[in-house]
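Quick notes on the structure that follows.
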Amino acid sequence: MRTLLIAASASLVTPCVLAAEPAVDAVEQLRAMLPSQSHAMMDVEYHFANLWFAARESNWPLATFYLNETRSHVAWTVRLRPVRKLASGQDLELKPLVESFEHGGIDAVRATLEHKDGKAFERAYRDTLTLCYACHVAAEKPFLKPEVPHDPAARLIRMKPSS
Ligand code: HEC
């Protein structure tokens, strides 16, 4: 009886121990497949550049779409890597930077789109670029200085309203 109990408990424990290792490997494998922060930021550039042209054409629904995409892709960037290592060895928490970007930048631009105010939009857009840059500087990438785009990043999306 005792032997049986030992055998039974061993068979209960062993599969758990064996299953734990492949699970850790699987997490590592999935982590290795995630895009880099720089890759996600290229999406941010795409959406934010298009936003400028959609709003300049007074295409408010399209501008709102690009603003929402900008916001969600910046948030995704931070989920990919919430803490960056600085050259000094210190950690840089991206969350507070993203919060000031969202409140000072995204929310301000959204208000101008809701009011269909082109002039106020241009000001809020430029202010948001300053917040983009503030995060790049904090992340020790001062050479990544975004400016008002010359051309839309999209090549086949119509910026003018359809009707
Ligand atoms: C919360 C911080 C943060 C905010 C806000 C932010 N960025 Fe970034 N961005 C980064 C970091 C960090 C990198 C560098 C990623 C890397 O190379 O690892 C980066 C890189 C970039 C790059 C270079 C991508 C490449 O590799 O070619 C572009 C373009 C960019 N950001 C655009 C923007 C724009 C436009 C905004 C604002 C609408 C913005 N970013 C807002 C943190 C931020």
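Rule-based calculations on the coordinates, nothing more; no lab input. If you're wondering where the values come from, they're calculated on a predicted model, not measured in any experiment. Glycine also receives a Cβ, built like all others from the backbone with ideal geometry; neighbour counts cover every protein chain displayed.
Rounded to the nearest 10 degrees, the inclination of helix 60-80 to the longest alpha-carbon principal axis of the chain is 30 degrees.
Entry note, the chain: the mean residue ellipticity at 222 nm calculated from DSSP H runs of n ≥ 4, each adding -39500 (n - 2.57), is -22500 deg cm²/dmol after division by the residues and rounding to the nearest 500.
Over the Cα atoms of the chain, what is the Rg over Rh ratio if Rh follows Kirkwood? Radius of gyration over Kirkwood radius for the chain works out to 1.26. In the chain, taking the dipole from charged Cβ atoms about the Cα centre, the farthest positive-side position among 109, 135, 87 is held by 109.
Between the Cα long axis of helix 118-138 and the first principal axis of the chain there is an angle of about 40°, rounded to the nearest 10. Can you tell me the 0 to 90 degree angle between the C-alpha axis of helix 2-33 and the longest principal axis of the chain, rounded to 10? Tilt relative to the chain: about 20 degrees. The packing ranking, built from the mean of other Cβ atoms within 10 Å per residue, places the peptides 67-78, 138-149, 43-54, 91-102 in the order 43-54, 67-78, 91-102, 138-149, highest first.
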